[in-house]
Amino acid sequence: MRARHVAASAVVLAGLVVGSGGIASAADPVPVGGGSPVVIADRSICTVTAVGTDDAGRSVGLTAGHCGGPGDAVTPEFDRDRVVGHIVRVLPDYDTAVIEFDAGETLPVTTIGETTITGVGAPPSFADAVCKQGRSTGRTCGLTVGDVLGTQQAFSALCVGQGDSGAPVVEGDAVIGMVNAYLGVPCVGPAVVTTMESIVHEVNRTGGTGAGFRPVGQAVPVS
């Protein structure tokens, strides 16, 4: 069996500057949405799956659980000295981390790149066409075989590489999954996608920050 690889990217140069265009001033909130690149604990570069609010009105987001642990600082990739939130808890069985954003530091948006997210959709079925928006490989699309093993994970023919961990997988404007890994070779082996409905159900079941999550643009919490 080919090796399974997580799709996070280690930060190897602490002082690396990624261009100067589009950097917000200290007074401006940073736009963040599904597909935004973030640095976790000045160590791993990952992708935000979705942002929204929970039932306590907190500004929260989701990303892959292997990107960091509780208490780890979250910064935009383009401004690594600016902390905009922290990971508050991790659901290891679903490889999911819940981020709580600091008040006033972020501006939740529905569109990043070519991908718009306005709600959570049902898990993909066999031969559905899906797309993902990742930090490293951008928006790519392909077919999925769905959750054939009954593990709340789908295998999809999506180009995924390091840095794409947490990337939202969408059908239309609905986020249906999170990229957690790829099998074998980047952009050749299939992407391993945890279904979004199962993630949100577990976030709600376990309670605390993130429970009652609803993405920006969705009027009611995901049941």
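Some values worked out for this structure:
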quantity: Other-chain or far-sequence residues with amide H under 5 Å of ARG89's (modelled H); calculated: VAL98
quantity: Prolate/oblate/rounded label for segment 130-197 (Cα gyration tensor, a/c 1.5); calculated: oblate
quantity: Cut-off 16 Å, label 7 Å out along Cα→Cβ of LEU149, residues of segment 169-186 by amide N; calculated: 178-185
quantity: Simple Cβ-charge dipole of segment 115-199, Lys/Arg +1 and Asp/Glu -1, about Cα centre, in debye nearest 20; calculated: 260
quantity: Full-extension gain in nm, LEU107 to ASP173, via 0.36 nm per residue minus C-alpha separation; calculated: 21.9 nm
quantity: Label-point gap, in nm, between CYS141 and ASP93 - each point 7 angstrom along Cα→Cβ; calculated: 3.5
quantity: R0 of 30 Å, Cβ-Cβ distance GLU114-ALA56: FRET efficiency to nearest 0.05; calculated: 0.40
quantity: More than 34 angstrom apart: percent of Cα pairs within the chain; calculated: 6
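Read the figures in this text as sums done on the coordinates, not as results from a lab. All values reported here derive from a predicted model rather than from experimental measurement. Cβ: placed from backbone, ideal geometry, glycine included. Neighbour counts: every protein chain shown.
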